[in-house]
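A quick write-up on the structure given underneath.
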Amino acid sequence: MTAPIKPAEGYAFAYLDEQTKRMIRRAILKAVAIPGHQVPFAARDMPMPYGWGTGGIQVTAAILGPADVLKVIDQGADDTTNAVSIRAFFQKTAGVAVTTRTSEATVVQTRHRIPEKPLVAGQTLVYQVPIPEPLRFLEPRETETRVMHALADYGLMHVKLYEDIATHGHIAKTYAYPVKVEGRYVMDPSPIPKFDNPKMHMSPALQLFGAGREKRIYALPPFTRVASLDFEDHPFERTRFEAPCALCGATDAYLDEVVIDDRGGRMFVCSDTDHCETRRQEGHRGALLGDIPEEARS
Amino acid sequence: MTAPLLEARGLTKWYGDRLGCRDVAFDIHEGEVLAIVGESGSGKSTLLSLLSGQLAPTSGSVAYRMRDGAIRDLVSLSEAERRFLFRTDWGFVHQDAAKGLRMGVSAGGNVGERLMAVGARHYGDIRAKAEDWLERVEIEVGRIDEKPTAYSGGMRQRLQIARNLVTAPRLVFMDEPTGGLDVSVQARLLDLLRRLVADMGLAVIVVTHDLAVARLLSDRIMVMRRGRVIEAGLTDRVLDDPREAYTQLLVSSILQP
Ligand SMILES: [Zn+2]
């Protein structure tokens, strides 16, 4: 963990001015009050491209306090350009302590993963969302999708799943797998792997979703029921991996395929780098640990 | 005798100072087929929109006897109730199949959509029902996973019918259901419709400019002209022995080769 520092001069705390943060907090409160419902907000331009998750960044900016400890991950890793830049941004503008340890963080901002270590009460997970509308690809008219949400008119979601089974023999969707929140709103969980979907259900942590380009915020308050859509005879199934993590031996983590040499060698390792490192420090050893150069491990 | 399924009274629609239709009144019971005939601009399409609750009348009312027996004025239905009615107890067959189908979704998905919309969550059951309905409308079951874009015009229309009938509605609206189809395809479609209507005891309100369609399908006819019903009665009576000069003109024009 890196200790808090004095924020840079000339910035408002966490970059956004107080009025903007209050506006975003109001949207967050509304989103928390109606789990899974998309709340419009007046998204601001941030000093970075939309693809970097400006919606999540604005949510983080609005909830961050000086005593928070921030972790930022991109596809599970703390050390990608995107994660490093966002972490540095908040270090500079808010002076908050930062960490790569899930257990130490009070706020985790994420692009496309939920940490493997179960989140606890008091932690907040902020998702960067590219497309918040789960009905978008089925019904392009926003006026119509709004009515569909208002009336809980979601038959079309199952038509999509039906088509998947008819074409592939199973529900082929592996990312951004739609969920129903508290039996009411259908929600896009952002492009996390469906492996992570069960982690949203009844989580003790607060989960906030921010979409910058589309100007929407939605939320799952702690202990919210979150069910992945499915059919009785084709139930939702979490992705399973054939082999354990090559570095830490984890059998219950989401794995990425990594190329380890220029002769086509590959291995499967935890996408959650903190999880993998922590396990190795605890003495867990995967089959390939020690066989590959240090640079290829993270 | 039970109350009518649908009861229209004094139905009038003005678009500003242009008349859509005026003072239309009739009843329809389960199993009855009513044809509304007239030329384009006669008000028959406006009337269909009023009857199916898609347009609010300027004055007058449409009462519908719901499945639970309650009689409701269509204008009093909430959007949720109206949608529910449209995917359970009502059907709507459009002239243009692309309006009534999801062209990007397989035939099976098109038929299954209504079932899923009202809560069906068993893939195998939904698929079995879709197969059964494809058979009933004479579409090869082997083509269940094809999209309607791969279907001929006649097949699309039959698929649209299957999609509507899968929830066993009591009332089906049809807007020129055979329009734009070849004569031989039309004949097959009409034959199929006649059979389904009889088998299921459907009430049908069919709008058509084609008196041959009305002759083959309907029990009763209403002839519309300039927004008003000018003649109504049993189909055979109206077509064989038209009383109004305008109806006589319509009838004689179809008899010409
Ligand atoms: Zn690992």
Self-check item: Scan of region A:40-58 for residues that are part of a loop (DSSP other than H, G, I, E, B) and in contact (Cβ under 8 Å) with a residue 12 or more places away in the chain, ordered by number
Solution: A:Phe41, A:Ala42, A:Ala43, A:Arg44, A:Met46, A:Pro47, A:Met48, A:Gly53
Self-check item: Filtered residue count, region A:30-60, keeping only those that are more than 16 Å from the chain's Cα centre (by Cα) and either β-branched (Val, Ile, Thr) or closer than 25 Å to A:Gly122 by Cβ (or both)
Solution: 9
Quiz prompt | Residue check, A:Thr239 of a type in the set (Ser, Thr, Tyr), within 16 Å of the ligand (Cβ to nearest atom) and assigned to a helix (DSSP H, G or I) | solution = no
Quiz item: Do we have any residue at all in region B:77-88 that's away from chain A (no Cβ under 14 Å) and more than 15 Å from B:Val229 (Cβ to Cβ)?
Solution: no
Self-check item: Residue count, region A:156-183 (criterion: more than 19 Å from A:His37 (Cβ to Cβ), of a type outside the set (Phe, Trp, Tyr) and within 12 Å of chain B (Cβ to nearest Cβ))
Solution: 13
Self-check item: Out of A:Cys276, A:Cys245, sole residue that is at pLDDT 95 or above and under 20 Å from the mean Cα position of the chain (by Cα)
Solution: A:Cys276
Quiz prompt | Residue in region B:41-61 that is of a type in the set (Lys, Arg), away from chain A (no Cβ under 14 Å) and under 19 Å from B:Gly20 (Cβ atoms) present | solution = yes
Self-check item: Residues satisfying the stated conditions in region A:59-72, i.e. of a type outside the set (S, T, N, Q) and part of a helix (DSSP H, G or I)
Solution: A:Val59, A:Ala61, A:Ala62, A:Ile63
Practice problem: Go through region B:179-191 and give me each residue that's assigned to a helix (DSSP H, G or I), more than 16 Å from the chain's Cα centre (by Cα) and touching a residue at least 24 places away in the same chain (Cβ under 8 Å). | Solution: B:Val185, B:Arg188
Quiz item: Here is a list of conditions, (1) more than 10 Å from chain A (Cβ to nearest Cβ); (2) within 24 Å of B:Met200 (Cα to Cα); (3) at pLDDT 95 or above, and B:Asp68 meets all of them except one; can you say which number that is?
Solution: (3)
Practice problem: Enumerate the strands (runs of 3 or more DSSP E) found wholly within region B:1-108, keeping only those where 1 or more residues are acidic (Asp, Glu). | Solution: B:6-15, B:18-28, B:71-73
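Yes/no matrix, rows are residues, columns are (1) surrounded by fewer than 19 Cβ atoms within 10 Å (Cβ to Cβ); (2) within 14 Å of chain B (Cβ to nearest Cβ); (3) within 16 Å of the ligand (Cβ to nearest atom):
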position	(1), (2), (3)
A:Ile192	no, no, no
A:Pro204	yes, no, no
A:Ala211	no, no, no
A:Leu220	no, no, no
A:Phe231	no, yes, no
A:Ala243	yes, no, yes
A:Asp252	yes, no, yes
A:Arg263	yes, no, no
Exercise. Check region A:228-241 and report whether any residue there is under 30 Å from A:Pro47 (Cβ atoms) and of a type in the set (Lys, Arg).
Key: no
Exercise. Would you mind stating whether B:Asn164 is under 16 Å from A:Leu156 (Cα atoms), in contact (Cβ under 8 Å) with a residue 12 or more places away in the chain, assigned to a helix (DSSP H, G or I) and away from every other protein chain (no Cβ under 14 Å)?
Key: yes
Exercise. Could you please find all residues in region A:245-291 being free of Cβ contacts under 8 Å to residues at least 40 places away in the same chain and either assigned to a strand (DSSP E or B) or among the β-branched types (Val, Ile, Thr) (or both)?
Key: A:Thr251, A:Leu255, A:Glu257, A:Val258, A:Val259, A:Ile260, A:Arg266, A:Met267, A:Phe268, A:Val269
Exercise. Give the number of residues within region B:112-152 that are among the acidic types (Asp, Glu), within 14 Å of another protein chain (Cβ to nearest Cβ) and assigned to a helix (DSSP H, G or I).
Key: 3
Self-check item: Residue in region B:99-111 that is farthest from the other protein chains (Cβ to nearest Cβ), counting only those that are touching a helix residue (DSSP H, G or I) at 6+ places or on another chain (Cβ under 7 Å) and small (Gly, Ala, Ser)
Solution: B:Gly100
Quiz item: Quick check, is A:Gln281 of a type outside the set (Gly, Ala, Ser) and under 30 Å from A:Asp45 (Cβ atoms)?
Solution: no
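The values are calculated or read from the model by the stated rules, or taken from the named source; none is laboratory data. On a predicted model such as this, the values are computed, not experimentally measured, just so you know. Using ideal geometry, Cβ is built from the backbone for each residue, glycine included, and neighbour counts are taken over all protein chains shown.
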